Amino acid sequence: KQHKFWETQPVGQFKDVGDVSLPEGPIEPPTPLSDVKQEPYNLPSPYEWTTCDMESEEMCTEVYNLLKNNYVEDDENMFRFNYSKEFLRWALHPPGYYRSWHIGVCAKASKKLVAFITGVPARIRVRNEVVKMAEINFLCVHKKLRSKRLAPVMIKEVTRRVHLENIWQAAYTAGVVLPTPITTCQYWHRSLNPKKLIDVGFSRLGARMTMSRTIKLYKLPDSPTTPGFRKMEFRDVPAVTRLLRNYMSQFVVAPDFDENDVEHWLLPNDNVVDSYLVESPENHEITDFCSFYTLPSSILGNPTYSTLKAAYSYYNVSTKTPLLQLMNDALIIAKQKDFDVFNALDVMQNESFLKELKFGPGDGQLHYYLYNYRVQHALKPSELGLVLL
Ligand SMILES: CCCCCCCCCCCCCC(=O)CSCCNC(=O)CCNC(=O)[C@H](O)C(C)(C)COP(=O)(O)OP(=O)(O)OC[C@H]1O[C@@H](n2cnc3c(N)ncnc32)[C@H](O)[C@@H]1OP(=O)(O)O
Ligand SMILES: CCOC(=O)c1cnc2ccc(OC)cc2c1SCCC#N
């Protein structure tokens, strides 16, 4: 397969896979800032760049609608991600964010937003190196402007703006295979509302199974079972940061979260992210943590249902409570909050609970990528400690 754009980029190339003479680490050295292209890349004449201020209700709504109508769909076009406006503001405003990395493309005539790409700064550890990176996400070209090679221009432009901030690496995921994944993960789904998932055609009644038998199969207790299980609060940030940093050190690639990052990414935020912890009733020590984010999807072409309410496993830490029990409590909370499905990737130690908690494997894969950073051998999903939104 010819990758006319990606073959020009400092990423692991397919031809280099297995070449042990190539060292792990940056592929190209940083450029002197004076040599970084000062002006934006050229767009086709009907279009112009715009910087999207997500704090502006009007601009945030434009971005929301572009993604709602043109962002990622599954292979059977059953679902399309429908990130909420509050989710987008959360995802794009972490500590130290750059507004200039929230890049839109507008049609000059209509002023309509027709494309979008974003970056946010993150410190990512790869083995023992903590690297300043940009996490790239929300790449979207309007359906009517596809296959015009707009994406490479947008990628080059966000790269240029990241370089201007003296950052030379990036992390991103995609459902498509590009040069070259550092690992490939599988989605798993745990039905919470099996009747709805069957009605929309995602799930099918098992052989010799009735609907009532299926509902009973996925039934969960009304409340969490672990003593000391409670919602995370601001006062827990230092303890959760310690717990998380310790636990994440076991993975080859993981975010290097400090207290400011934990406060932003993991404090409960209505309809965006939920986080719970276990505070030991004896000595009030915080021993475990679990979290999931809210990402609804539009259900395409279904007369009865318009939206799928999906929870996505985020960061979980188990030191005293078995991970199986901790995640079962997360499922119970998600069901209480009326989610239809709880999704998880087979990253970190997730494989240890997926089958036992009645997750089923999805047919979609998620490939993880680093830009301008070579990883010697592809990782196993269980070596990956990074969840991108
Ligand atoms: C140091 C800082 C560095 C920062 C930058 C790091 C890198 C960040 C990279 C971005 C990370 C984003 C992560 C992210 O957002 C999460 S993955 C979600 C991507 N978005 C969607 O799937 C939404 C629906 N699809 C679309 O909007 C379009 O199909 C898109 C815009 C995807 C492509 O628009 P199009 O009209 O369909 O296609 P052309 O314009 O004609 O361009 C074709 C070229 O684009 C390559 N392509 C296709 N899909 C891609 C994808 N998902 N990543 C990267 N490259 C992708 C493709 O291989 C080909 O190149 P090749 O000829 O070499 O094969
Ligand atoms: C019911 C299980 O499937 C999903 O939750 C779902 C929802 N919306 C999507 C939108 C775009 C999409 O494009 C790949 C997939 C989905 C999926 S399956 C993969 C995500 C997970 N877990």
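Where a number appears in this text, it was derived from the coordinates with a stated rule and is not lab data. For clarity, every value in this text was computed on a predicted model and none was experimentally measured. Here the Cβ positions follow ideal geometry from the backbone for every residue, glycine too, while neighbour counts run over all protein chains shown.
Using only Cα atoms, locate the centre of the stretch 309-338 and the centre of the stretch 42-62, then give the distance between them in Å, rounded to an integer. Comparing the Cα centres of the stretch 309-338 and the stretch 42-62, I get a distance of 37 Å. Counting only Cα atoms, the size of the stretch 117-272 along its three principal axes is 58, 48, 29 Å, in decreasing order. Using R0 = 41 Å, the C-beta based FRET efficiency linking S100 and K143 works out to 0.95. Between helix 237-248 and the chain, what is the angle of the helix's C-alpha long axis to the longest principal axis, kept within 0 to 90° and rounded to the nearest 10? Long axis of 237-248 versus the principal axis of the chain: about 80 degrees.
Karplus-derived 3J(HN,Hα) values for the stretch 201-212, using 6.51 cos²θ - 1.76 cosθ + 1.60 with θ = phi - 60°, are x, 6, 9, 10, 4, x, 4, 6, 10, 8, 5, 5 Hz; glycine and proline are entered as x.
Our helix-only sum for the chain, with -39,500 (n - 2.57) per DSSP H run of n ≥ 4 divided by its residues, gives a mean residue ellipticity at 222 nm of -6500 deg cm²/dmol.
Overall dimensions of the chain, expressed as equivalent-ellipsoid semi-axes from the Cα gyration tensor (√(5λ), whole Å, largest first), are 34, 26, 21.
What is the list of residues in the stretch 291-312 whose amide nitrogen lies under 19 Å from a point 7 angstrom out from the Cα of E76, following Cα to Cβ? Hits in the stretch 291-312 for E76 at 19 Å: 297-311.
Rg and Dmax over the alpha-carbon atoms of the stretch 166-212 stand at 18.5, 60 Å.
In the stretch 303-389, how does Rg compare with the Kirkwood Rh, expressed as the Rg/Rh ratio over alpha carbon atoms?
Here the Rg-to-Rh quotient is 1.02.
Shown here is the pair-distance distribution of the stretch 83-137: with all Cα-Cα distances grouped in 5 Å bins from zero up to the longest one, the shares run 4, 17, 20, 21, 16, 11, 6, 3, 2, 1, 0 percent. Each residue of the stretch 35-41 was assigned a 3J(HN,Hα) from its phi angle through the Karplus curve 6.51 cos²θ - 1.76 cosθ + 1.60 (θ = phi - 60°); the sequence is 8, 6, 3, 7, 10, x, 5 Hz, with glycine and proline shown as x.
Among 185-194, 233-242, sorting by the average number of other beta carbon atoms lying within 10 angstrom of each residue, highest first, gives 185-194, 233-242. All other residues whose Cβ lies under 12 angstrom from that of G25 are scored, Lys and Arg at +1 and Asp and Glu at -1, for a net of -1.
Arrange the peptides 78-85, 330-337 so that the one whose residues have, on average, the most other Cβ atoms within 10 Å appears first.
Ranked from most to least packed, the peptides come out as 330-337, 78-85.
In plain terms, the bigger the Kirkwood radius, the slower the diffusion; for the stretch 206-357, with that radius from Cα pairs, at 10 °C and 1.306 mPa s, Stokes-Einstein puts D at 95 µm²/s. Using only side-chain charges placed at the Cβ, +1 for Lys and Arg and -1 for Asp and Glu, the dipole size of the stretch 103-245 relative to its Cα centre rounds to 480 debye.
If you model the stretch 239-326 as an ellipsoid using its alpha carbon gyration tensor, with each semi-axis the square root of five times an eigenvalue, the axes come out at 30, 15, 13 Å, biggest first. Against the main long axis of the alpha-carbon atoms of the chain, helix 150-163 sits at an angle near 90°.
May I ask you to list the lysines whose Cα is less than 20 Å away from that of K156, ignoring any residue fewer than eight positions away on the same chain? By straight Cα distance, K156 reaches K4, K37, K132, K148.
State log₁₀ I(q)/I(0) for the stretch 196-278 at q = 0.15, 0.20, 0.22, 0.27 Å⁻¹ as given by the Debye formula over alpha-carbon point scatterers of equal weight, solvent excluded. Log10 of I(q)/I(0), two decimals: -0.77, -0.91, -1.00, -1.31.
Straight-line cross-link reach from K231 at under 20 Å between alpha-carbon atoms covers these lysines, not counting any fewer than eight positions away in the same chain: K320, K335, K337.
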